[in-house]
Structures are given as C-alpha cells and as structure tokens.
Amino acid sequence: MNQNIFEELQVKKQNLLKIADKAAEYGWIPRENTDANNKSSISLEEIKERLNKETLTIGVIGQMKCGKSTFLNSFVFKDDILPAATTPMTAALSVITYGEKEHLVAEFYTKDEWTEQKMQAERNENEAANSLDQSKIKAAKELVSKAAKLGASLENYLGKTQEDSFNNLIEYVGADGKFVSITKSVTIYYPHEYLKGVEIVDTPGFNDPIVSREERTKEFLRKADVVIMMLYAGRPFDATDRDIIFQNVRQCGIGKVLVGINKYDIPFCDENNPEDEKQIKEYVKSEIKKACKECNDNTLVEILKDVEPIPLSAEMALLSELPMSKISNSEALNFAWERHCQNFGISSQKEMYKWSHLDNLVNAVKSMIENEKNKILFTKPINAILAAGDKIKTDTETELYKEKEKIKLLSMPDSEIEDIESDLNRAHKRLSKKMDSLGDDVDAKLKDIVRKGNNELEDIVDSACKRLVSIIDNDWGMMSSYESIRPKLDSVLDKLYTRDLKRAVESISEEGKNKIKDSVTEFFNKTEDILINYLPDFDSIDFIKSTKNQIQLDIEDSSLFHSSYSIDTEFGFSDGITALLHGFTFGILNSNNNFIVNFLSHNTNKQEIEDEINSISNNFNPMPYLESAFEKKEEVKNVVREKFLTELIEPLQEQIKEINTKKGKKEEELRIAEDRIKELTDKQQLIINQLESISQMKNSI
C-alpha cells in the first residue's frame with residue numbers, strides 16, 4: 001500500500017525542525033533573528049517561517065466524468081469524501097487545504113461579475129468568435145438559468161463569502177446546488193495534519209465566462225508545483241480535452257505537467273476490443289502530439305513533449321483504501337468491488353491497489369516535488385546548517401593552530417621568530433594580490449555575462465513584439481472583434497512572461513554562478529600553495545574546504561532579481577497592450593458609408609496599437625534586472641579576505657607582536673596556551689561528534 005506523499009512531506013518538515021533545533025542547541029545557529037542586518041547565518045526562527053510560509057500547490061484539471069473527484073478522494077483523503085455531481089459548466093474553482101475543523105468557505109461573484117455573466121448570457125452563440133468563445137456563452141446561459149432558484153435573494157449574496165458545513169458542499173458545486181450559479185470558488189478546510197502547507201486545486205475554468213475567475217485559474221496553474229491533467233480512458237483526448245490543454249496547460253511551466261488516464265480498466269476489460277496500458281498510453285501520446293502540431297503552439301510542444309501518460313484506476317485505488325465494512329454496506333461500492341475482483345482476479349485490497357496503478361502517478365508527483373520543492377524546503381536549510389557547523393569546526397581548528405603556533409613561538413629564540421614574522425608578511429602580501437586578482441577576474445566575467453544578457457533579453461522582447469504586431473496586422477480583420485485574436489496574443493504574452501524571459505534570466509544567473517565558482521576554485525588552487533609554503537603545520541585543506549563551502553552556499557542563495565522586480569509589472573504588457581486592445585471591437589455595418597468609416601478607423605487603430613507595441617520594444621531596458629544580478633560577488637570577496645587575512649594571517653601577526661612585548665612572561669603565557677589547547681581539543685572533538693550526529697539525522701529527509 002502506498003504512503004501518503006503529504007504525510008511524507010510533513011515528516012520531512014518535522015525532521016528538518018529537529019535538525020534545526022539540535023543545531024541551535026549546539027550553538028551553530030541562533031534561535032531567533034536578533035539582527036535583521038546579519039544574514040551570515042540562518043536561524044531556527046527563519047527555518048520555521050520558511051516551512052510555514054512555503055505552500056505545496058498541486059493543480060488538477062480535466063473534464064466532467066474523468067473521475068477527478070474519485071482521484072482526489074483516493075489521493076488526498078483515502079476516503080469517499082468529495083461528491084462527484086458537477087457539470088463542466090457550473091463547477092467552481094475548488095481548493096482543498098488544512099483547517100482545524102471540517103468546513104467550507106464559498107466566495108460568490110461580485111455584482112460587476114454577475115452583470116458580466118448576464119451580458120455573456122445575452123449573446124447569441126452564432127456571434128461567437130470561436131469554439132472557446134461559444135462555450136463561454138453556453139456556460140453563462142446555464143449559470144444564469146440556474147440562478148432562478150435563488151429568486152430575489154440572489155442580490156443579497158453577491159460580493160460576499162459564506163462559511164458552511166462540509167456536508168453542504170454539493171449545494172456549491174453540485175449540478176443542482178442552490179448556490180452553484182453564483183459560486184466563484186470554494187475552499188474546503190479539512191483537519192488532516194498532513195494538509196498543512198498544502199493546496200490541492202481543482203481548476204475547471206477552461207471555458208469560464210468570468211474573466212476574473214479565469215485569471216485566478218491561470219494564476220494557480222502558473223504557481224503550481226505539479227499540474228495533473230486527468231483524462232477519461234474510455235474517450236481519451238477528445239475535443240474538450242483539447243480545449244483544456246490549449247487554454248490551461250500552456251499556463252504551466254516545463255516539468256510540471258503530468259497526464260493521468262483514469263478508468264483504464266474500461267478499455268482494458270472491453271470484450272470486443274481490449275487495450276492494454278501500453279496501447280492506451282501510445283494512443284494518448286499520439287493524440288497530444290497531433291493536437292500540438294495542429295495548433296502550431298511551441299509552448300505546448302515544449303511542455304508536453306516529454307510527458308508520459310499514466311494509466312490508472314482511481315476507483316480501484318479508493319476501494320483498496322476504504323474499510324471493507326463501508327464497501328460491503330454500500331451497493332455501489334460493493335458492485336464496483338465485485339466487478340474489479342472478477343475482471344482482474346483480485347482477492348485482497350493489496351492486490352486491488354496494485355492493479356490500480358495509482359503508485360505510478362504518485363511516484364511521478366513525488367519526483368516533481370523532490371526536483372523543485374526539496375531544494376527550497378530542505379536542501380538549502382540543511383546545507384546552511386551543516387556549513388554553520390563546519391565553520392565552527394574550522395574556526396576551532398584555526399584557533400587550535402594559533403595556540404600551537406604560540407607555544408612554538410614562546411619556545412623559539414628571537415631570530416627564528418623574526419623569520420616566521422617575515423614569512424607571515426610575505427603570505428599576507430601574496431594573498432592580498434591573489435584576492436585583488438580574484439575580484440578583477442569575477443568582475444570581468446560578470447561584465448561580459450551582463451553585456452550578453454542585455455542583448456539576449458532585448459532580442460526576446462523584440463521578437464515577442466514582432467509576433468504581436470504580426471498577429472494584429474495579419475489576423476485582425478476589419479470585421480472581426482478583438483476576441484478573435486485574443487487567444488493568439490495571450491499565447492505570445494504568456495510565453496514571454498512565463499517561459500522565454502524566465503528561462504533566459506535563469507540561464508544568465510546560472511552562468512554567472514558557474515563563472516564565480518570557477519574563479520573561486522582557481523583562487524583556492526593558488527592560495528593552497530601559499531599556505532603550505534608559509535604555514536607548513538596548518539591544515540590548509542580543511543580550511544580551504546570550509547571556506548569554499550561557505551562561499552558556494554552564498555552563491556547558491558543569490559538571486560538574479562531583487563524581490564521588488566516583476567517581469568509582469570515592469571514590462572508593462574499586461575496593463576499597456578492588453579488594456580489597449582480590449583478597447584477595440586469591430587463588426588459588419590449595413591451602410592456602405594459606415595463601412596468605409598469603420599474600415600478607416602480600424603486601420604488607424606491598428607496602426608496606433610502597432611506603434612504602441614513598437615514603442616514598448618524600443619524603450620525596453622533590461623539593465624535594472626541585470627544590474628541587480630550577482631550582488632553576492634562582493635560578499636564572496638569579503639568572505640575570502642575575512643577568512644584568509646582577518647581571521648588567519650593577521651591574528652598570527654598580532655600574536656608575534658604580543659609575544660615580543662611579553663618576553664619576561666613566557667612561562668605564564670605557555671601555561672595559558674596549554675590550557676587553551678586542551679579546551680580547544682575537547683571542543684574540536686565535540687563538534688566532530690555533533691557533525692556526525694547531524695549527518696545521521698539528515699538521512700531522515
């Protein structure tokens with residue numbers, strides 16, 4: 001039987017907190033952020049805040065009768081919780097998350113949104129610009145029709161939220177629910193601890209007549225860590241599935257989309273034309289490929305090209321998880337149990353789960369979460385904790401070396417002390433030169449990257465603007481509305497926002513990090529020889545390794561953008577072009593004179609819009625983004641200078657000066673140094689044991 005992936009996530013979080021608490025107990029990290037300006041060490045409080053703030057979002061999309069509710073019942077609840085009585089036209093945006101008590105909160109449309117709904121419903125379906133526009137008109141008509149049962153009370157609900165019992169969920173999402181016509185979204189709160197920090201989002205709005213809810217659906221899909229598209233195996237990838245893919249899936253990024261083919265047992269057990277899992281998968285893959293080719297959408301091709309559809313049976317998975325007493329007491333559940341047992345030769349719930357193949361989908365979801373979430377939630381904090389412990393170990397060993405050097409110096413004649421002082425001065429001078437060289441090397445490499453990045457981002461924006469102009473110039477006819485070209489424009493803008501620019505800046509950032517790492521590695525290779533020559537008894541290998549780890553952590557934590565910068569808002573496309581385009585609609589006029597006027601104004605407006613797009617392209621300046629890149633380079637240079645000079649060489653130089661002033665107190669100084677060595681040796685062994693303990697705890701994550 002599979003383990004619940006949300007429970008696993010909570011266990012990992014708790015184990016990380018145990019590690020962080022132990023690290024705070026050891027004194028590696030502070031318990032609280034006492035100094036807002038001190039970012040040198042992660043704190044226990046910061047780790048707790050990150051874990052509480054970070055949300056795992058899984059989006060589920062798919063048409064009616066594909067079995068989403070049954071899948072969610074098995075995947076999330078392991079119980080028969082959600083009703084399945086929804087229609088594609090009336091299903092609300094639904095979010096499942098943690099709550100201390102079992103309840104729901106429904107958000108109703110505002111008065112403006114309901115007016116928009118009624119205006120859509122008044123349109124003639126023959127006026128629709130395309131099939132998507134037509135489906136929105138149908139949806140609006142159905143919702144307005146269903147609103148009749150609310151009568152005069154409808155106005156009292158608009159713009160409000162309503163908390164209700166979980167038992168009344170069907171009233172908000174059911175086909176005949178009382179509030180289904182005005183429900184914008186429903187948040188389902190459920191008291192399972194493993195749902196803390198988790199959002200499961202059912203996003204059915206592929207034909208949403210309300211723009212604001214459609215935009216919310218898009219936003220959920222953009223931010224989702226995983227998006228599961230559920231198909232019905234009895235009719236996989238039909239016209240409705242295509243609509244969902246074209247409208248919703250393009251909002252998602254690469255590596256986030258999974259395709260599940262639910263109810264695979266139906267074609268599998270078909271007496272006349274049975275299909276095994278491989279045949280079902282290959283058919284869906286070919287249909288996806290064909291659809292992407294026909295729509296000529298490169299974004300979809302990139303998102304879906306590596307997707308491996310996964311056949312499964314959510315019903316069989318749920319039957320394997322329900323108590324047998326509940327199955328036997330339900331006519332529908334018992335019938336399903338008997339049918340699957342007969343078709344697959346099943347005699348136990350364990351076999352039922354195995355044949356459900358849900359594990360294949362669960363493991364695919366786990367893999368995506370581990371690739372994305374684990375790095376943010378677990379890898380970075382653990383690396384920071386271990387780096388903090390490693391720093392204490394290295395600092396202790398450095399102090400131990402200084403005390404041993406002190407004893408050596410106290411036992412030497414003055415002439416030999418002068419030689420060591422001379423060696424330290426030469427080491428300081430040579431290391432300073434190497435550090436200046438490191439700074440110059442890093443600056444030169446990053447300057448080149450910023451220059452190339454500037455050109456690359458400009459080219460990306462120019463290319464997108466040219467495509468927008470081409471669509472307006474070639475596809476926006478005099479007798480067509482803006483809605484007829486909106487999907488194409490949205491496709492270009494979505495690709496620009498969510499893929500092209502994002503991917504480009506990530507690539508620039510990664511290249512910069514690698515260049516800094518290369519420069520640091522070259523620097524350490526050269527400085528190790530200096531330490532060996534001038535500090536022969538010093539363990540330079542561990543010292544350099546610790547310093548390098550600290551710098552690597554600083555580099556990985558750096559970000560290309562300030563948090564204040566946002567591609568969507570800074571480039572101005574959303575508020576500029578889209579708002580401008582929404583202001584123009586054209587239709588066929590009966591009068592020839594009016595037709596000519598319309599023709600002339602249409603061409604004038606087209607030119608104005610094209611000029612606006614071109615001005616955005618011409619005025620786009622990527623430097624604010626690029627100039628905020630790689631700010632950690634100064635920290636890298638400061639860490640190197642601090643570790644090699646401030647903490648190592650300069651204290652040894654000061655030590656010699658101090659010894660020269662205490663020539664008559666050597667015996668007392670020797671005794672103090674020997675006591676200090678014993679103290680540091682004990683501390684060294686303690687930190688070694690602590691590092692071993694934390695490393696063992698790390699294996700639980």
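The values are calculated or read from the model by the stated rules, or taken from the named source; none is laboratory data. Remember, predicted model here, so these are calculated numbers, not experimental data. Note that each Cβ is placed from the backbone with ideal geometry, even for glycine, and that neighbours are counted across all protein chains shown. In case anyone asks, the SASA skips ligands and DNA or RNA and just uses the protein heavy atoms, side chains included. Shrake-Rupley method; radii C 1.70, N 1.55, O 1.52, S 1.80 Å.
For (1) open to solvent by less than 10 Å² (accessible area, probe 1.4 Å); (2) more than 25 Å from residue 279 (Cα to Cα), each residue gets a yes or a no:
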residue: 295; (1), (2): no, no
residue: 312; (1), (2): yes, no
residue: 320; (1), (2): yes, yes
residue: 341; (1), (2): no, no
residue: 354; (1), (2): no, no
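Take residue 261 and decide whether it is within 17 Å of residue 60 (Cβ to Cβ), within 31 Å of the chain's Cα centre (by Cα) and not in a helix (DSSP H, G or I).
For residue 261, the condition - within 17 Å of residue 60 (Cβ to Cβ), within 31 Å of the chain's Cα centre (by Cα) and not in a helix (DSSP H, G or I) - is met.
Going through the stretch 637-651 one residue at a time, which ones are open to solvent by 10 Å² or more (accessible area, probe 1.4 Å) and closer than 11 Å to residue 428 by Cα?
Within the stretch 637-651, 641, 646, 650 meet the criteria.
Go through the stretch 650-701 and give me each residue that's closer than 30 Å to residue 420 by Cα and not in a helix (DSSP H, G or I).
Matches in the stretch 650-701: 662 only.
Which one of the conditions (1) modelled with pLDDT of 85 or more; (2) open to solvent by 30 Å² or more (accessible area, probe 1.4 Å) does residue 673 fail to meet, given that it meets all the rest?
(2)
Going residue by residue through the stretch 395-406, is there one that turns out to be over 28 Å from residue 4 (Cα atoms), assigned to a helix (DSSP H, G or I), at pLDDT 90 or above and touching a Pro at 6+ places or on another chain (Cβ under 8 Å)?
yes
Filter the stretch 495-536 for residues that are of a type in the set (Asp, Glu) and open to solvent by 60 Å² or more (accessible area, probe 1.4 Å) and give the result.
Selection gives 506, 510, 511, 518, 522, 529.
Here's a check for you: in the stretch 433-462, which residue that is among the small types (Gly, Ala, Ser) and touching a residue at least 24 places away in the same chain (Cβ under 8 Å) is surrounded by the fewest Cβ atoms within 10 Å (Cβ to Cβ)?
Across the stretch 433-462, the extreme among qualifying residues is 437.
What helices (runs of 4 or more DSSP H) completely inside the stretch 282-394 contain at least 2 residues that are closer than 25 Å to residue 56 by Cβ?
Answer list for the stretch 282-394: 298-304, 314-321, 349-356, 358-374.
Residue 252 versus (1) out of contact with any strand residue (DSSP E or B) (no Cβ under 8 Å at 6 or more places or on another chain); (2) of a type outside the set (A, V, I, L, M); (3) closer than 18 Å to residue 229 by Cα; (4) buried (at least 22 other Cβ atoms within 10 Å of the Cβ): which is the lone unmet condition?
With respect to (1) out of contact with any strand residue (DSSP E or B) (no Cβ under 8 Å at 6 or more places or on another chain); (2) of a type outside the set (A, V, I, L, M); (3) closer than 18 Å to residue 229 by Cα; (4) buried (at least 22 other Cβ atoms within 10 Å of the Cβ), residue 252 is out only on (1).
Table: residues versus (1) under 23 Å from residue 552 (Cα atoms); (2) among the hydroxyl-bearing types (Ser, Thr, Tyr); (3) at pLDDT 85 or above.
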{"site": "20", "(1), (2), (3)": "yes, no, yes"}
{"site": "23", "(1), (2), (3)": "yes, no, yes"}
{"site": "28", "(1), (2), (3)": "yes, no, yes"}
{"site": "32", "(1), (2), (3)": "no, no, yes"}
{"site": "36", "(1), (2), (3)": "yes, no, no"}
{"site": "40", "(1), (2), (3)": "yes, yes, no"}
{"site": "46", "(1), (2), (3)": "yes, no, yes"}
{"site": "49", "(1), (2), (3)": "no, no, yes"}
{"site": "53", "(1), (2), (3)": "no, no, yes"}
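Restricting the search to the stretch 396-423, which residues are under 52 Å from the mean Cα position of the chain (by Cα) and open to solvent by 40 Å² or more (accessible area, probe 1.4 Å)?
Selection gives 399, 404, 423.
From (1) more than 30 Å from residue 502 (Cα to Cα); (2) open to solvent by 50 Å² or more (accessible area, probe 1.4 Å), pick out the condition that doesn't hold for residue 306.
(1)
Looking at 689, 699, can you tell me which residue is open to solvent by 60 Å² or more (accessible area, probe 1.4 Å) and either of a type in the set (Asp, Glu) or at pLDDT below 90 (or both)?
The unique qualifying residue is 699.
Could you say whether any residue in the stretch 467-489 is modelled with pLDDT of 85 or more, within 31 Å of the chain's Cα centre (by Cα) and under 25 Å from residue 218 (Cβ atoms)?
Scanning the stretch 467-489 turns up at least one residue that is modelled with pLDDT of 85 or more, within 31 Å of the chain's Cα centre (by Cα) and under 25 Å from residue 218 (Cβ atoms).
Just name the residue that is farthest from residue 295 (Cα to Cα) out of those in the stretch 125-182 that are in contact (Cβ under 8 Å) with a residue 60 or more places away in the chain and among the hydroxyl-bearing types (Ser, Thr, Tyr).
165
Find the residue count for the stretch 356-372, including only residues that are of a type in the set (Gly, Ala, Ser) and either more than 22 Å from the chain's Cα centre (by Cα) or open to solvent by less than 30 Å² (accessible area, probe 1.4 Å) (or both).
Of the residues in that region, 2 qualify.
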